[in-house]
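Below is one structure, written out as structure tokens; the observations come after it.
The values are calculated or read from the model by the stated rules, or taken from the named source; none is laboratory data. Bear in mind that the values here come from a model prediction, so they are computed numbers and not experimental data. We place every Cβ from the backbone using ideal geometry, glycine too, and count neighbours over all the protein chains shown.
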Amino acid sequence: MNNPAITKIDFKALKYIADGGAILGSGGGGDPYVGRLMAQQAWGSNNTVAVIDIDELPDDALILPIAMMGAPTVMLEKFSSGEEIPKLISMMERFLGKKVAAILCIEAGGLNSTIPFIAAAQMQLPIVDGDAMGRAFPELQMVTFTLGGIQATPMAMMDEKGNGATFDTISNSWAEKLARALTIEMGGAAMVSLYPVTAAQCRNYLIRGSLTKAHRIGQIMAEHGANACAALVEEFDGTHLFQGRVRDVNRVSEGGFARGTVKLEGLGDFINREITLSFQNEFLIAREGDNVLATTPDLITLLDIFSGDAVTTELVKYGLPVNVLGLPCDPIWQSPQALEIVGPRYFKLDYDYKPI
Amino acid sequence: MIRVGIDVGGTNTDAVVMKNDEFLGGEKSPSTPDVYTGVELAVRGALARASINANQVDAVMLGTTHFVNALVERKRLANCGLIRMCLPSGSSLFPFADWPNELVEAINGTFHLVNGGYEMDGTEIAPLNEEQLLKAADELFEKGCRQIAISSVFATVRNDMEHEAKKLLQKKRPKIDVSLSCDIGRMGLLERENAAIINASLKPLAKEVVEAFQKLQGSVGFDCPLFFTRNDGTLIDANEVLRLPVLTFACGPTNSMRGAAYLSGIKDALVVDIGGTTTDVGEVINGFPRLAGTSVTVADVRTNFSMPDVLSIGLGGGSRIRPEQPLAIGPESVGHELLQRAYIFGGDVLTASDLAVSIGRAKMGTHAAPEIENADELKQLLDQIISDAVARTRTSDKQMPVIAVGGGSVLLGAQVDGLEVIRPPHHDLANAVGAAIAQISGEVSKVVSLSEELDRETAIAQITQEANEMAISRGADITSLSMLSLSDVPLSYLPGNNLAISVTVVGDLKMEQRK
């Protein structure tokens with residue numbers, strides 16, 4: 001992966017990032033399409049957003065991550081008002097007594113791969129090439145910053161009606177718990193700013209180059225279409241885990257998360273085989289009987305056989321033929337300490353993590 | 001039971017007469033600019049060949065490309081405005097986002113956002129503001145909109161605000177025609193309102209088309225109901241088309257695939273439909289087309305209907321050939337002028353049909369096939385183009401037949417991409433046959449709250465029963481009902497375990513009730 005870092009995002013580049021973000025979403029995080037259109041509306045025609053390397057910023061520069069929290073499905077119906085982000089940022093600046101220097105994407109997978117571009121455009125700020133997940137995860141504390149002892153709070157939340165709140169919690173798990181409860185009251189989705197960091201604080205824990213990676217994935221998808229899966233395996237050291245047709249989707253909604261299983265019946269080279277995928281917003285594990293093909297934190301992504309587009313856990317449906325792509329997670333997630341917060345056992349799956 | 005199926009395409013209009021499962025006769029006639037003349041010729045021809053009198057016919061089923069062509073050509077579309085009930089939410093993403101500019105201009109597309117809409121649990125985001133709504137409508141009216149589409153946030157959960165808004169609008173301005181998003185699309189505000197806007201833009205044309213066919217009914221002497229075929233291969237009453245034309249606009253490929261499966265007796269196959277200008281390739285599974293997985297783009301606008309997954313390429317019997325290097329076949333076509341302009345019909349344009357005759361794949365025309373210099377290379381190119389399209393449509397290396405239909409199917413050889421090609425009898429009338437065999441559907445979408453008393457299976461069974469009842473009330477035969485599609489998606493962030501279930505069932509049209 002020796003692609004030159006991107007430095008400027010225009011509409012076309014944003015589309016690549018959105019398509020790549022859908023792959024990095026690992027089935028979750030929502031469809032980045034809506035976020036991309038919102039960013040386009042926010043920055044108007046003929047504009048671009050600057051992308052910078054973290055090392056271009058002085059140690060004391062304040063970086064604010066901006067994200068959407070809640071159910072991405074809600075964002076398909078109830079769009080934000082467009083006022084949330086400037087209000088959030090001024091709340092955070094007041095709270096911290098400092099001006100923000102750059103925007104950060106906290107989650108390079110799913111809808112949140114494009115949301116920070118709305119902020120960067122509205123505030124005319126650069127965006128840092130990196131993120132704190134390298135994919136999508138369902139809970140707020142599941143970020144590399146937690147491993148570095150960086151606090152999620154002070155955190156601010158704002159709904160489309162103009163209601164705002166700030167949080168000051170004793171742990172990142174508490175921030176998750178309280179923020180999620182308020183998200184539900186706000187109608188299922190809200191804009192948040194959390195994990196305010198200085199450049200010095202986050203240098204060691206940032207997953208660098210995530211935007212460049214998402215952009216490159218989108219580019220490969222545009223070039224290879226239906227054959228994108230093979231090309232992505234090649235370029236990102238991934239694994240073609242399976243090819244099959246969806247034979248059953250069983251969903252339940254528990255505690256605000258969409259959980260369930262998907263059964264796939266093999267096609268092509270995988271004929272006469274069957275695998276089961278389990279998900280909690282994102283795909284967590286791919287199993288063939290008791291044999292584990294891949295587990296979180298590695299990425300498990302479905303691609304539509306015909307279009308090569310990513311298929312989210314919300315859109316997966318009976319009869320759909322898909323390729324199952326496994327991509328290695330960032331190495332930072334492989335330590336025992338990291339696996340405690342994002343490994344299979346955290347999701348109550350009785351399996352050990354085995355890197356793909 | 002005697003049914004007449006009619007397919008109005010860009011190039012030809014086809015009509016067939018079927019008696020139960022038996023094909024009695026059919027006729028192909030060039031489409032005419034006024035539509036009416038071409039249809040009448042085809043219908044009269046088909047009836048004559050079948051030796052059936054118009055008054056013996058029990059039902060007429062019609063599929064037409066009028067609507068999709070109007071959209072693609074950006075012609076004959078009404079000026080439209082959209083009112084979205086969403087404020088204070090919604091301003092971050094305006095309606096018409098991601099539309100091609102020419103299409104927005106063709107319908108003079110304009111919009112207003114007003115208070116209203118629902119949260120996902122059905123509580124109001126804001127109450128409907130009558131004064132604000134009517135003011136928005138006034139402004140749209142002054143800009144020349146007589147067609148107004150209305151959308152509201154989570155209309156899929158609750159649709160009463162859209163209905164209330166329609167009532168208020170029509171009371172104030174009876175001349176305004178209203179399309180509601182809740183009648184048309186599924187979850188996804190942008191895609192649903194896109195569909196509602198398209199519907200609104202097609203309404204005046206729908207009136208013209210329906211009236212033309214009703215007039216035809218009289219002049220030919222039919223004494224039976226007239227149905228249109230919908231995107232999913234089922235039927236809609238002609239009067240409903242006036243209200244919801246968008247539900248019929250992608251019926252062409254569906255009818256052709258259903259017709260191909262029916263005529264060949266093969267339920268699982270790839271279907272290649274070659275017309276005068278384009279070739280559609282799709283897959284049928286159990287006699288129905290495989291549907292597109294996620295959203296569908298129609299005339300460059302993203303919508304979320306259930307539509308067949310079809311690959312369309314610019315190759316047909318009328319495709320122009322460039323015989324010198326670099327060789328090319330299509331996408332330019334002589335279209336419906338094939339019978340005048342191709343060499344084999346005495347014209348002076350080298351077309352794909354000339355090539356087919358020249359290489360011995362077809363016998364047709366009034367004149368001898370021309371000498372073609374690079375005939376072998378062109379033959380390879382032709383096979384390559386079709387093989388590529390078929391290969392892209394296949395889901396596996398499993399052997400399955402390719403059913404070739406449509407007037408241009410003579411272009412195909414004996415094999416495509418290593419698969420056997422089958423040309424069923426009457427293959428050039430597959431679309432009209434697909435229309436004639438269309439069934440009645442019932443579809444119900446509901447949010448249910450699962451509990452210990454109500455599990456997922458029971459809830460699905462209850463909703464299936466409601467869908468069955470809807471199909472029966474529309475005229476379906478109870479003994480023929482079967483499930484066409486089922487989806488259940490949970491709504492997270494609601495207390496309890498809530499599931500949005502949607503079921504579509506289909507059945508044959510029941511005829512005993514008539515006469």
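Restricting B:Ala389, B:Ala362 to residues that are assigned to a helix (DSSP H, G or I) and under 18 Å from B:Gly276 (Cβ atoms) narrows the list to B:Ala389. One residue stands out among those in the range A:70-82 that are hydrophobic (A, V, I, L, M, F, W, C) and either out of contact with any Leu (no Cβ under 8 Å at 6 or more places or on another chain) or surrounded by 24 or more Cβ atoms within 10 Å (Cβ to Cβ) (or both): the one that is farthest from A:Gly29 (Cα to Cα), which is A:Phe79. If the condition is being aliphatic (A, V, I, L, M) and under 14 Å from the mean Cα position of the chain (by Cα), then the range B:238-293 contributes B:Val241, B:Leu244, B:Val246, B:Leu247, B:Ala250, B:Met257, B:Leu291, B:Ala292. Among all positions in the range A:93-105, there is at least one residue which is touching a residue at least 40 places away in the same chain (Cβ under 8 Å), in contact with a Ser or Thr (Cβ under 7 Å, 6 or more places away or on another chain) and part of a helix (DSSP H, G or I). Within the range A:265-274, the presence of at least one residue that is aliphatic (A, V, I, L, M), over 23 Å from A:Phe347 (Cβ atoms) and assigned to a loop (DSSP other than H, G, I, E, B) is confirmed. Within the range A:248-257, identify whether any single residue is within 14 Å of another protein chain (Cβ to nearest Cβ) and basic (Lys, Arg), and answer yes or no. For the range A:248-257, residues within 14 Å of another protein chain (Cβ to nearest Cβ) and basic (Lys, Arg): present. Going by the conditions given, is A:Phe242 in contact (Cβ under 8 Å) with a residue 12 or more places away in the chain, within 12 Å of another protein chain (Cβ to nearest Cβ), buried (at least 17 other Cβ atoms within 10 Å of the Cβ) and among the aromatic types (Phe, Trp, Tyr)? Criteria not met by A:Phe242.
A single member of A:Ala231, A:Ala222, A:Ala226 is within 10 Å of chain B (Cβ to nearest Cβ), within 30 Å of A:Asp129 (Cα to Cα) and surrounded by fewer than 24 Cβ atoms within 10 Å (Cβ to Cβ), and it is A:Ala226. Residue count for the range A:314-330 under the criterion of being at pLDDT 95 or above, touching a Phe, Trp or Tyr at 6+ places or on another chain (Cβ under 8 Å) and closer than 14 Å to A:Cys229 by Cβ: the result is 3.
Of all the numbered requirements in (1) outside any loop (DSSP other than H, G, I, E, B); (2) charged (D, E, K, R); (3) surrounded by fewer than 19 Cβ atoms within 10 Å (Cβ to Cβ); (4) within 14 Å of another protein chain (Cβ to nearest Cβ), B:Asp98 misses one, and that requirement is (1). If I filter the range A:158-171 for residues that are among the acidic types (Asp, Glu) and within 19 Å of the chain's Cα centre (by Cα), do I get at least one hit? No: the range A:158-171 contains no residue that is among the acidic types (Asp, Glu) and within 19 Å of the chain's Cα centre (by Cα).
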